[in-house]
1. Label SER59 and LEU25 with points 7 Å out from Cα along Cα→Cβ: what is the distance between them in nm?
2. Between GLY36 and residues 5 or more places away or on another chain, which pairs have amide H atoms under 5 Å apart, with H built 1.01 Å from N, and which residues are they?
3. Please give the net charge around LEU14, taking every other residue with its beta carbon less than 13 angstrom from that of LEU14, where Lys and Arg add +1 and Asp and Glu add -1.
4. In µm²/s, what is D for the stretch 65-123 at 4 °C and 1.567 mPa s, where D = kT/(6 pi eta Rh) by Stokes-Einstein and Rh is the Kirkwood radius from Cα pairs?
5. What dipole magnitude, in Debye to the nearest 20, does the stretch 1-80 give about its Cα centre under +1 on Lys/Arg Cβ and -1 on Asp/Glu Cβ?
6. What does the accessible area per residue of the chain come to in Å², with a 1.4 Å probe and no ligands, DNA or RNA counted?
7. What FRET efficiency comes out for ASP89 versus LEU130 if R0 is 30 angstrom and r is the Cβ-Cβ distance? Round to the nearest 0.05.
8. Separation of the stretch 1-23 and the stretch 74-97 by C-alpha centroid, Å?
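The values are calculated or read from the model by the stated rules, or taken from the named source; none is laboratory data. These numbers come from a predicted model, not from an experiment. Every residue, glycine among them, receives a Cβ derived from its backbone with ideal geometry; neighbour counts consider all protein chains shown. We work out accessible area using only protein heavy atoms, side chains counted, and drop any ligands, DNA or RNA first. Shrake-Rupley method; radii C 1.70, N 1.55, O 1.52, S 1.80 Å.
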Amino acid sequence: MTVGIVLVSHSANLAEAAAELARELAGPSTAVLAAGGTEDGRFGTSIDKIEAAVSGADSGDGVAILMDVGSAVLTSKALLAELDDDDPDVRLVDAPLVEGAIAAAVTASTGQDLDAVVAAAEQARGMHKL
C-alpha cells in the first residue's frame, strides 16, 4: 500500500498531464489520479470528481490532494468537510501543482507515510530552477 495522490485543477487536460508526468517518474505502484474540470467537460471543479479520485487513489495509507487555484481549493475544502471517521485520511497540500505532484508521488513510491508525502510536496514550493 502507498499514499495516493489526487490532482485537482480547473482544467481536465492540465490535471491529467500533471498526473501522467508524476506517474511516469514515480512508477506504476503509486496512484496519482486527476480530478480536473467539470462533468460536462468545461473548465471548473467538481466535488464528485474529486471524491471519486480520492476513492480511487486510496489504498489505506491516506490521500494527498494538490490543487491549482480558486475553486479547486474551495471545492477540495468542501469535500474534506464532508468526510467522516470511516473515510480515508485525506490531506490538502499547499504546494505547486506540478512540482508538488512529482515530489509527492516519488516520495509515496518509496513507501513513506502521508506526513512525509505532504512534507515533500510542500518543500517543492522552495525549489529553485536556476
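1. Each label point lies 7 Å from its Cα, and together they span 1.9 nm.
2. Close amide H contacts, sequence-distant or interchain: SER9.
3. -3
4. In µm²/s, the coefficient is 109.
5. It works out to roughly 140 debye.
6. With all protein chains present, the chain gives 51 Å² per residue.
7. Once the sixth-power term is evaluated, E becomes 0.25.
8. Comparing the Cα centres of the stretch 1-23 and the stretch 74-97, I get a distance of 15 Å.
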